[in-house]
Every structure is written in C-alpha cells, then in structure tokens.
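Step one of this worksheet: look at the structure below.
The values are calculated or read from the model by the stated rules, or taken from the named source; none is laboratory data. Model, not experiment: these values are computed from the prediction. Here the Cβ positions follow ideal geometry from the backbone for every residue, glycine too, while neighbour counts run over all protein chains shown. We work out accessible area using only protein heavy atoms, side chains counted, and drop any ligands, DNA or RNA first. Shrake-Rupley method; radii C 1.70, N 1.55, O 1.52, S 1.80 Å.
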Amino acid sequence: FFQAEDGIRDLVRSRGLGDVYKRQWSNSCCSHPRKGETYEYATARRLKEELGLTIKLTYLYKFQYQAKYKNEGSENELCSVYIGKSNVMPVVNETEIAEWKYISIDTLDAELLKNPNAFTPWFKMEWKELKIKYMVQILAL
C-alpha cells in the first residue's frame, strides 16, 4: 500500500487478465520473492516492475492466507505488508495491472461493504488488519 503526497489516498490496482482473481481490486503491489531474495529486495523490485516506482517502504507485518478461486485454482501464500508514500505518478505495467486508482480510506471502506467480491481475499484480510492495528502509522506517512 502506498499513499500519494497530496493526501490520504491509497493506491489499489485491478489484477491483470492472466491472474487468478483477475480483474479484482487488490493491494498496490505483490512482492513474489524469487529464490534467495529477501522480502525487502523483492518488494522493491516488484514495485519498480509493476508501478515504475522506487520509494522508501516500511515493513508492518506478515500473514499467511489460503483461498480457492472457482474451479480455476487456489493460492496459499505468505504475504508481507509494507507501506510507503510517493509524489511520483505510477507508470503501470499493463501485463500486471488491468487498471488502477487512488482511493480515499472512507471510499475504500464503503466499496468493501458495498461490493466485497470486487476485492481479492488477501486484500480484505490486509485492509482489516491495517485498519485495526496500523492506521496511526498509515496516517503518519
């Protein structure tokens, strides 16, 4: 998750068409570490690959999730959550991201209540945890 410099807005993205959970809104970027990479390195690498950004990130927490997607597959992943702030407009990799937008915290909460199936399972888990335990750190960015 990261915020724009000019306000409390989080970037969310719609996953690319080739992904499981295609066209669902999710976190700004996924790290997908390669063998031998640290999460810190993988997160910075993927942020550059997916959004064209190089920014300072702060590690918050780690969690594991499992979720099935229709009859097409499932995921079982360990996710690390980082936050950061940027005044640079993202340059999105269209093979990774179908669409993206900045969204306010209040609007995101309303969208999650109105249309929860528009969001990936792990995003909903992350957002709940972020709101409960890490909102002070997010607002301090």
- Query: Quick one: Thr38 ticks every box in (1) within 14 Å of the chain's Cα centre (by Cα); (2) open to solvent by less than 80 Å² (accessible area, probe 1.4 Å) bar one, so which box is it?
  - Reply: (1)
- Item | Criterion violated by Ser28 - all others in (1) more than 23 Å from Leu141 (Cα to Cα); (2) in contact with a Leu (Cβ under 8 Å, 6 or more places away or on another chain); (3) surrounded by 13 or more Cβ atoms within 10 Å (Cβ to Cβ) satisfied | (1)
- Picking from Glu99, Glu72, Glu129, Glu111, the residue that is within 16 Å of Ser26 (Cα to Cα) and over 14 Å from the mean Cα position of the chain (by Cα) would be Glu111
- Note on the structure: Those residues of the stretch 56-101 which are in contact with a Lys or Arg (Cβ under 6 Å, 6 or more places away or on another chain), of a type in the set (Ser, Thr, Tyr) and open to solvent by less than 50 Å² (accessible area, probe 1.4 Å) amount to Ser80
- Message: Based on this model, can you work out whether Gly18 counts as at pLDDT 85 or above and either open to solvent by 90 Å² or more (accessible area, probe 1.4 Å) or in a loop (DSSP other than H, G, I, E, B) (or both)?
- Response: no
- Task: Give the residues of the stretch 72-114 that are at pLDDT 90 or above and touching a Gly at 6+ places or on another chain (Cβ under 7 Å), sorted by residue number.
- Result: Val91
- Name the pairs whose Cβ atoms lie under 6 Å apart, with the first residue in the stretch 86-110 and under 16 Å from Glu50 (Cβ atoms), the second open to solvent by less than 50 Å² (accessible area, probe 1.4 Å) and assigned to a strand (DSSP E or B), and 6 or more positions between them or separate chains? Ser86/Phe2; Ile97/Arg13; Ala98/Ser14; Glu99/Ser14; Trp100/Arg13; Tyr102/Ala4; Tyr102/Leu11
